[in-house]
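Colleague: Have a look at this one.
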Amino acid sequence: MQLDKAGIELLKHFEGCELKAYQDSVGVWTIGYGHTKGVTEGLEITQAEAEKMLVDELPEYQSYVENKCNILLQQHQFDALVCWTYNLGPTNLASSTMLKVLNDGKLDEVPFQMKRWDKAGGKPLLGLTRRRNAEALLFKGENWKDYLEVEA
């Protein structure tokens, strides 16, 4: 499977696009749409380079979800899981209770488990809470943008 339009839109919305390297909330150098590999202080890119980085990196995160999920996913579920993994990484996916309940077929528990991952440096962050809520809605096949309009 590949991330579709809804998944890419959610990912881009919450990652944002920064063309100059910055340190995220836990001090990791980041650029573009949340790209962290090889990023150093002072690095600058163009919008086209940011788009290419995302396109080039998505297959890696899609494969993490495909390789760890033992059940057949619907497109919206796959999209939500790829967005979640893009932000939190494959190690967190592999060790998460979310993955366990997913692979146990307890799909109704997955959104709750997704939303538990809203902390950075041990503290809840509003932006992560909103992102996890949006990912949970997408997983359920609901419109995550309606949530943002109500909560904004």
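Colleague: When you look at residue 127, is it touching a residue at least 24 places away in the same chain (Cβ under 8 Å) and in contact with a helix residue (DSSP H, G or I) (Cβ under 9 Å, 6 or more places away or on another chain), yes or no?
Modeller: Yes; evaluated as a whole, the condition is true for this residue.
Colleague: The conditions are (1) in a loop (DSSP other than H, G, I, E, B); (2) touching a residue at least 40 places away in the same chain (Cβ under 8 Å); (3) not hydroxyl-bearing (Ser, Thr, Tyr), and residue 87 fails exactly one of them. Which is it?
Modeller: Here residue 87 meets the rest and fails (1).
Colleague: Okay, next question. So which residues in region 1-55 are crowded, with 18+ Cβ neighbours inside 10 Å, out of contact with any Phe, Trp or Tyr (no Cβ under 9 Å at 6 or more places or on another chain) and farther than 26 Å from residue 143 by Cβ?
Modeller: Listed by number, the residues that qualify are 32, 35, 45.
Colleague: Of everything in region 70-82 that's within 16 Å of the chain's Cα centre (by Cα) and of a type outside the set (Phe, Trp, Tyr), which residue is surrounded by the fewest Cβ atoms within 10 Å (Cβ to Cβ)?
Modeller: Looking at residues that are within 16 Å of the chain's Cα centre (by Cα) and of a type outside the set (Phe, Trp, Tyr), I get 75.
Colleague: Something else about it: Give just the number: which of (1) in contact (Cβ under 8 Å) with a residue 12 or more places away in the chain; (2) out of contact with any helix residue (DSSP H, G or I) (no Cβ under 9 Å at 6 or more places or on another chain); (3) assigned to a loop (DSSP other than H, G, I, E, B) does residue 71 not satisfy?
Modeller: (2)
Colleague: Quick one: which residue in 50, 80, 94 is over 17 Å from residue 113 (Cα atoms), assigned to a helix (DSSP H, G or I) and not hydroxyl-bearing (Ser, Thr, Tyr)?
Modeller: From the options 50, 80, 94, the qualifying one is 50.
Every read-out reported here was derived from the displayed coordinates using simple, explicitly stated rules and does not represent laboratory data. On a predicted model such as this, the values are computed, not experimentally measured, just so you know. Positions of Cβ are generated from backbone atoms using ideal geometry, with glycine treated the same way; all protein chains shown enter the neighbour counts.
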